[in-house]
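All remarks here apply to the structure that follows.
The values are calculated or read from the model by the stated rules, or taken from the named source; none is laboratory data. The shown structure was predicted, so the numbers you read here are calculated from the model rather than taken from an experiment. Positions of Cβ are generated from backbone atoms using ideal geometry, with glycine treated the same way; all protein chains shown enter the neighbour counts.
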Amino acid sequence: MKTNEIVKRAQQIADLENSSFISWAENVQLLNEAYRDIYQKAINANIKFWLKDWVLKDGENVEGNTTRYKLPSDFYTLYSINEKGTNRNLFRKSTNEAADGFKYDIENGYLVIYGAMRKDIVVKYYKTPQKLYYRDDDINSEVNQLSNFSSLQGQYSDACDNRLVFFDDFTKKMTVYDIKTETKSEATLTINYDTLALMIATVEGVMFFTNYNSEAHIILVNYDGTVNFDNTITDNPNYFIDEKKRLLCYGTDGNGKYAFSNLWNDFPVKYVKDIGYDFNHGTGAFVNFVDFAEGKAYYIDRENDSMDFILSIADLASGEVERFDQLFGDFLGMFSVFDKWVYNGWAAVPLAMGKPSESEGSYCIGFNKKDYKTSYGMTDIDGIIHSIFEDVEIDTPNSFFDSMLAYSLALQYKAKQNAVNEGLVTLYQNAENQFFNSLPQDTFSNVRIQNVY
């Protein structure tokens, strides 16, 4: 079942349908709390649905016969460690025990193995519970003038927070609408260029990638129309928009450290190790997306010396880069990435299962921001603001788990209203009993004592 269905079912149970009593952000928090609580109960009951295998390879020798292994990124809790073939168990090293024999310990994100390994070691562990979000209902910004703008040549658009920004390439007039106040301002910009490649709205102002006198330029313009910055791009700078719609530049800080810096204010936002980007941007006219919460950078570049644009995702911690299949062929338009979307001019194309979807797309103005408080948003050409979070298919053993999760969430709703009733508690307990009674497939499910002396 998907998260949106769970939330709607819980609201029905708690008599909160069509109510704004609980915000999207609090709903997400309560949903994840309920899911993690039930997930842990299932683990305690020895339910193995979420178990994963990990064969230890390429460990780091610490000293003597002690080797450590970086825990997988989805490691939640350990189930067992066995020697492959013999199935010999490894027992956890006690606090004052000598570091010899065949034992293990977990320290600072590493699995530490004491003793020489004769065979492969297989680790079984429970993966980290999913982070659950859901798609909220659309909102009409009620800005009527949006229908005057279309995909006509020379029209550029973008969105940032409450602002919808439009630029006419012929008149150089910038129009800014405020969604909340439903007001607009206009300014004719005093910027020079031969061609305009890309316009991006950020928190601080509007960024233009241009070509002037055969040189690539970046121009930063404040929302009142004044020019903040105009400079030639002499190399291939790595520009990124983060989830707060800040304009960041990735590179060295002059002291040998790599950092994402705010280009408007020129201060580091995040220090990272060298990710090892291999850009071949030509004029550098690209703006990509970095998600610090996920620890990933999404960008589009050209692979090798071909003209084919490739979507790549870099892990900020490990530096590993995953490249996907050909995305845009040799079309020389300027593309950007935001969250799980690829954006080109007016069309936003979602990334399905980590890869671009060729069949889906949205006729949109741009991305407001990745808002963890309201779930918004992306604004389409009709002024409708959409949730940027998608429903999550919850990884559960059976439908009884879904029912238990819905009742657990409904109980939290009632508790928030100071209106918990015994009938709802009983319904939750029934759902819990149904779940745990439905799972055992082995009548001899009691685990034997492993060591008999």
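Being closer than 15 Å to Phe166 by Cα and either touching a residue at least 60 places away in the same chain (Cβ under 8 Å) or among the β-branched types (Val, Ile, Thr) (or both) is true for just one of Thr183, Thr195. Which residue is that? Write out each step before concluding.
Details: Thr195 fails: closer than 15 Å to Phe166 by Cα.
Among Thr183, Thr195, only Thr183 is closer than 15 Å to Phe166 by Cα and either touching a residue at least 60 places away in the same chain (Cβ under 8 Å) or among the β-branched types (Val, Ile, Thr) (or both).
The set of residues in the range 266-275 that are in a loop (DSSP other than H, G, I, E, B), within 23 Å of the chain's Cα centre (by Cα) and surrounded by fewer than 16 Cβ atoms within 10 Å (Cβ to Cβ) comprises Lys273, Asp274. The residues on offer are Lys57, Lys41, and the sole one that is at pLDDT 85 or above, assigned by TED's automatic domain parsing to the domain that holds Arg118 and surrounded by fewer than 16 Cβ atoms within 10 Å (Cβ to Cβ) is Lys57.
Matching residues to (1) modelled with pLDDT under 90; (2) in contact with a Ser or Thr (Cβ under 8 Å, 6 or more places away or on another chain); (3) surrounded by 16 or more Cβ atoms within 10 Å (Cβ to Cβ):
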| position | (1), (2), (3) |
| --- | --- |
| Ala201 | no, no, yes |
| Glu204 | no, no, yes |
| Asn211 | yes, yes, yes |
| Glu215 | yes, yes, no |
| Ile219 | no, yes, yes |
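Could you grab me the full set of residues in the range 74-107 that are within 38 Å of the chain's Cα centre (by Cα) and either among the β-branched types (Val, Ile, Thr) or closer than 19 Å to Lys48 by Cα (or both)? Once the filter is applied, which keeps residues that are within 38 Å of the chain's Cα centre (by Cα) and either among the β-branched types (Val, Ile, Thr) or closer than 19 Å to Lys48 by Cα (or both), the range 74-107 yields Asp74, Phe75, Tyr76, Thr77, Leu78, Tyr79, Ser80, Ile81, Asn82, Asn89, Ile106.
Only residues that are at pLDDT below 85 and buried (at least 19 other Cβ atoms within 10 Å of the Cβ): list them for the range 232-246, please. Before the answer, list the steps.
Step one: filter the range 232-246 for residues at pLDDT below 85, giving 232-238.
The one that is at pLDDT below 85 and buried (at least 19 other Cβ atoms within 10 Å of the Cβ): Asn238.
In the range 44-54, the qualifying residues are those that are out of contact with any Pro (no Cβ under 7 Å at 6 or more places or on another chain) and part of a strand (DSSP E or B), and the one that is surrounded by the fewest Cβ atoms within 10 Å (Cβ to Cβ) is Asp53.
Could you please let me know if Arg163 is under 17 Å from Cys364 (Cβ atoms) and touching a helix residue (DSSP H, G or I) at 6+ places or on another chain (Cβ under 7 Å)?
On the way: under 17 Å from Cys364 (Cβ atoms): yes; touching a helix residue (DSSP H, G or I) at 6+ places or on another chain (Cβ under 7 Å): no.
Criteria not met by Arg163.
Against the condition assigned by TED's automatic domain parsing to the domain that holds Val290, among the small types (Gly, Ala, Ser), closer than 17 Å to Phe170 by Cα and assigned to a strand (DSSP E or B), how does Ala216 come out, does it pass? No: the conditions fail for Ala216. Candidates in the range 13-29 are the residues that are without any contact (Cβ under 8 Å) to a residue 40 or more places away in the chain and in a helix (DSSP H, G or I); of these, the one that is nearest to the chain's Cα centre (by Cα) is Gln29. Scanning the range 382-403 for residues that are part of a loop (DSSP other than H, G, I, E, B), out of contact with any Lys or Arg (no Cβ under 6 Å at 6 or more places or on another chain) and of a type in the set (Val, Ile, Thr) yields Val392, Ile394, Thr396. Looking only at residues in the range 60-106 that are loosely packed, with under 11 Cβ neighbours inside 10 Å and in contact (Cβ under 8 Å) with a residue 24 or more places away in the chain, which one is farthest from Ala317 (Cα to Cα)? The extreme case among them is Thr86. Determine, yes or no, whether Phe367 is touching a residue at least 12 places away in the same chain (Cβ under 8 Å), buried (at least 19 other Cβ atoms within 10 Å of the Cβ) and either out of contact with any Asp or Glu (no Cβ under 8 Å at 6 or more places or on another chain) or of a type in the set (Phe, Trp, Tyr) (or both). Criteria met by Phe367. Taken over the range 247-265, the criterion of being surrounded by fewer than 17 Cβ atoms within 10 Å (Cβ to Cβ) and assigned to a loop (DSSP other than H, G, I, E, B) is satisfied by Asp253, Gly254, Asn255, Gly256, Lys257, Asn265. Listed conditions (1) buried (at least 16 other Cβ atoms within 10 Å of the Cβ); (2) under 32 Å from the mean Cα position of the chain (by Cα); (3) part of a strand (DSSP E or B) are all met by Phe229, apart from (1).
A count restricted to the range 180-213 and to residues that are among the aromatic types (Phe, Trp, Tyr) and assigned to a loop (DSSP other than H, G, I, E, B) stands at 1. Close Cβ contacts (under 7 Å, 6 or more residues apart or on different chains) running from residues in the range 295-307 that are charged (D, E, K, R) to residues that are assigned to a loop (DSSP other than H, G, I, E, B) and modelled with pLDDT under 80 comprise Asp301/Phe279; Asp301/Asn280; Asp301/His281; Arg302/Asn280; Arg302/Asp308.
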